[in-house]
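Inspection log for the structure reproduced underneath, given as structure tokens.
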Amino acid sequence: RVRVVEFWATWCPPCRKSIPHLNELTEHFKNKVSFIGVSAETQQKVTAFIAKMPMEYGVAIDATKQMQTAISCSAIPLALVISYDNIVRWQGNPGKLTKQIIQQIIDADKQSPVPKKRGKWDPLLNNG
């Protein structure tokens, strides 16, 4: 399944602005795409925020910023669209993420499966 992972914070105006857009995308792609927002804030702060501004998608807490550090995320909001084979197919500001971009990734996932061996060309396999 295609996944959208967004890094955000309650104090971030562009993050707050993107929530209605992500709610709309979540509704549009219901069972085709998983959406999750990841915040480095406390659970209490995020829970209180969601009570005022509903997020119609999953929300996770990463208080140690382990995920943000792993991908070298230096600015929020940042959204990643990850295909079924765990490759980031799009990244950027979630406000610029469109239904068309997500649909392209879904459609590409429906194509033939990814070859098991990936990487450098192997002359012994005569793949050229």
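Highlighted here are the strands (runs of 3 or more DSSP E) found entirely within the stretch 44-115 that include at least 1 residues which are of a type outside the set (A, V, I, L, M) and open to solvent by less than 50 Å² (accessible area, probe 1.4 Å): 58-61, 88-92. I'd like to verify a number: residues in the stretch 20-43 that are acidic (Asp, Glu), assigned to a helix (DSSP H, G or I) and surrounded by 12 or more Cβ atoms within 10 Å (Cβ to Cβ), how many? So the answer is 1.
The values are calculated or read from the model by the stated rules, or taken from the named source; none is laboratory data. The structure presented is a predicted model; accordingly, all values stated were derived computationally and were not measured. Methodologically, a virtual Cβ is constructed for each residue, glycine included, from the backbone with ideal geometry; neighbour enumeration extends over all protein chains shown. Ligands, DNA and RNA are excluded from the accessible area calculation, which covers all protein heavy atoms including side chains. Shrake-Rupley method; radii C 1.70, N 1.55, O 1.52, S 1.80 Å.
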